[in-house]
Amino acid sequence: MDRVKISPISGFPEYLPSQRIVEQHFLDVIRETFELHGYPSIETRAVEPVERLLGKGGDADKEIYGIRRLAADEATAAADSELGLHFDLTVPFARYVLENAGHLSFPFRRYQIQKVWRGERPQEGRYREFTQADIDVVDVGELAPHFEAEMPLVIAEVFRKLPIPPMVIQVNNRKIPEGFYRGIGIEDVAGTLRIVDKLDKIGPDKVAEQLVAAGCTPEQAQQCLALAGIRSADLSFVEQVRALGVSHPTLDEGLDALAAVIRAGMDNAPGAMVADLKIARGLDYYTGTVYETQLAGYESWGSFCSGGRYDSLASDGKTTYPGVGISIGVSRLLGLLLSKGLVTASRSTPAAVLVAVNDEESRPTSVGIATALRQRGIPCEVAPKPAKFGKQIRYAERRGIPYVWFPGAAESGGDQVKDIRSGQQDDADASTWQPPAEDLRPQVTAGADPSP
C-alpha cells in the first residue's frame, strides 16, 4: 500500500470535538434567537451562475471559486464553467426571492446558516470556507424603515446570550456620506466610499492621499475625514454632522433614518449600538443603513457581523424587492475566540455518563443501563473495554465525562454512580437517577485570554 502524506489545507477550518461543541452551542443560540424573532429557515444551493456573482462590488469578483468536473466533455465543461460557489448568502437569497416570489408572503423574512467560499488569502480569522448566519427581510416595492432598526436588535440579543466579551454594533446610513459628498461637490460617491471604508486598515493620512489621488481636493478629503470621525452612542451625531456646515436632501434623509435606528437601540438594547459615520461597507448594493460589529477590547480583530439595506439587489425588471439583512461570520468569530482561549467547552463529548463494563459477558447489562438512561434524555457512553475500573475512570476523565456508572457495585447488587470530580459515589437506579442540569450537557463558558 502506498503511503499517503497528509498535509493541511489553509483556510478550511476543522475543529476538534471540544471546539465543535462550542461551535454547535453558538449555532444553537443563533438559530433559537432568530426563530424567537419569527424568522423561518431556508437553505439555498451552493452554486450560482458566475454572471450573477460578478459585479457585486468590493473584491468579490476576485474571490469567486468556479467549479468544474475533472472528467467532462467539452460541452459539460463549458456549462460547469458558468457556475461558481457563492461568496455570501445575500446574492443567492435575492435569487431565491425572485424564483419563489409567487409562493412567498411579503414582507418575507428568513434566516440562513450555511457554508460560503471566498478565494482570499487565509490568515487569522479569515478563511476560504466558512459558516455564515444571516437574517434578511424583503418586501415588494417598498420596505418599511423599521426593519432597519430590527436587524441590530436581533443581533444584540444573540450576542447577549453568548459567553463572549461585550460587542458593539456600529451603524451608519449610506445616504449620510452620499449626501455629504454631493454637498461638498464629490460626484464619485461609490469610489469615495470604498476609500473611506479602508480607514481602520490604513489610517487617515493614507485615506486622504488616496482621496486626493482619486480626484478630491485636499479640503474635500479633510471634510470626508471629519465626517468619518463622528461617533456617538446617542443622537448627538446629528448635531455634530450639522456643525460641519454641509446641506443636501439625501444627507437629511440619512440622518433621520440613522437617528431612528439608534433611538430603537437606546430603548431596547442600551449600549449595544453606536452611530459610527466611518462605516461604509464595500459592496455596492447597500443603499441605506449599514452595520459592522466589533468586540469591545478586541477592535483590532475588525468586524465579525455586518450587513445593511439594499433597494435594488433583487429585481425581475418589473418588480423590485428591497431588503435589509445582517450576517454573523460564525467561523471568523469562533476562530478568533478559540485561538485566544476566550471560550471553552467543559468536555469534548456530549456524554454525561460512562457506563462501566465488568466483563464482556455482562456487556449487555451495561448496554441496558445506557439504554434506560438515554430514554430519559441522559447522554451516555458504554466503556469500550472491560478494563480495570481505574482505567475506565481515566478514560472518562480524558474526555471530561463527569460520571461513571458501575453496574451491580452496591452490596445489594444494585448499581452505583460516581462523580469522578469529587469522588462521591452513591447507589443509583437508571430509571430514576438524574444528574444536575449543568452536567447534563457540555457547558460552554468564557475563558481567560492569556494575552489580552
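The values are calculated or read from the model by the stated rules, or taken from the named source; none is laboratory data. No experiment lies behind these values; they were computed from the predicted model shown. Here the Cβ is made from the backbone with ideal geometry for all residues, glycine too, and neighbour counts use every protein chain on show. What goes into the accessible areas is simple: the full protein's heavy atoms, side chains included, and nothing from ligands, DNA or RNA. Shrake-Rupley method; radii C 1.70, N 1.55, O 1.52, S 1.80 Å.
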Notebook entry, point to check: Separation between the GLU124 and LYS198 pseudo-spin-labels, each 7 Å from Cα along Cα→Cβ, expressed in nm?
Noted result: 2.3
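Please report, as a whole percent, how much of the solvent-accessible surface of the chain comes from carbon and sulfur atoms (probe radius 1.4 Å). If you can, show how the numbers build up before the last one.
Numbers: 10850 of 21660 Å².
Using a 1.4 Å probe with all protein chains present, the chain comes out at 50 percent carbon and sulfur.
Under the 0.36 nm per residue contour assumption, what length would be gained going from the current alpha-carbon distance of LEU70 and ARG374 to full extension? Don't skip to the answer; put the middle values down first.
Details: separation 304, 0.36 × 304 = 109.44 nm, distance 4.57 nm.
This chain segment gains 104.9 nm when fully extended.
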Checklist line | Chain lengthening between LEU54 and ARG394 when straightened (0.36 nm per residue, less Cα-Cα) | finding: 116.9 nm
Check: Got a number for the accessible area of SER422? Probe 1.4 Å, square angstrom, nearest 10.
Finding: 80
Notebook entry, point to check: Cα centroid distance between region 20-42 and region 127-175, in Å?
Noted result: 14
Check: If each of ARG421 and ASP188 carries a label point 7 Å out from its Cα toward its Cβ, how far apart are those two points in nm?
Finding: 6.1
Next item on the list: Report, in degrees rounded to the nearest 10, the 0 to 90 angle that the Cα long axis of helix 249-268 makes with the longest principal axis of the chain.
Entry: 30
Note to self: Given the C-alpha atoms of the chain, compute the convex hull and give its volume per residue in Å³.
What the structure shows: 220
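Where only protein heavy atoms count, and the probe is 1.4 Å, what is the accessible area per residue for the chain in Å²? Could you put the intermediate results ahead of the total?
Values: 21660 Å² over 452 residues.
For the chain, the per-residue accessible area is 48 Å².
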Check: For helix 146-161, what angle does its Cα long axis make with the longest principal axis of the chain, in degrees from 0 to 90 and rounded to 10?
Finding: 30
Margin query: Let me check against my output: what whole-number percent is the relative contact order of the chain, with C-alpha pairs under 8 Å and at least 6 apart?
Written below: 16
Check: Tell me, how many Å apart are the Cα centres for region 381-449 and for region 323-368?
Finding: 16
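Using unit Cβ charges (K, R positive; D, E negative) and no other charged atoms, how large, in debye to the nearest 20, is the dipole of the chain about its Cα centre? Walk me through the numbers before you get to the answer.
Working: 49 positive and 62 negative charges, 238 e Å.
Roughly 1140 debye for the chain.
So, R0 is 25 Å and r is the distance between the beta-carbons of GLU219 and SER312; what FRET efficiency does that work out to, to 0.05? Could the numbers behind the result be given before it?
Values: r = 33 Å, r/R0 = 1.31.
In this case the efficiency is close to 0.15.
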Item checked: Net lengthening on full extension, LEU244/THR319 (0.36 nm per residue, minus Cα-Cα) -> 23.1 nm
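Just to be sure I follow: if Rg is taken over the C-alpha atoms of region 289-401 and Rh is the Kirkwood radius over the same atoms, what is Rg/Rh?
On the way: Rg = 24.9 Å, Rh = 18.9 Å.
Result for region 289-401 is an Rg/Rh of 1.32.
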Check: If you rank GLU82, GLU142 by how much accessible surface each has, with a 1.4 Å probe, what is the order from largest down?
Finding: GLU142, GLU82
Note to self: Restricting to DSSP H runs of at least four residues, report the calculated mean residue ellipticity at 222 nm for the chain, -39500 (n - 2.57) per run over all residues, nearest 500 deg cm²/dmol.
What the structure shows: -11000 deg cm²/dmol
Note to self: If you fit an axis through the alpha-carbon atoms of helix 17-36 and take the longest principal axis of the Cα set of the chain, what angle between them do you get, 0 to 90°, nearest 10?
What the structure shows: 60
Next item on the list: Under 25 Å Cα to Cα from LYS340, which lysines show up? Leave out anything in the same chain fewer than 8 places away.
Entry: LYS115, LYS161, LYS201
Margin query: Rolling a 1.4 angstrom probe over the protein chains, ignoring ligands and nucleic acids, what is the accessible area of PHE304 in square angstrom, nearest 10?
Written below: 10
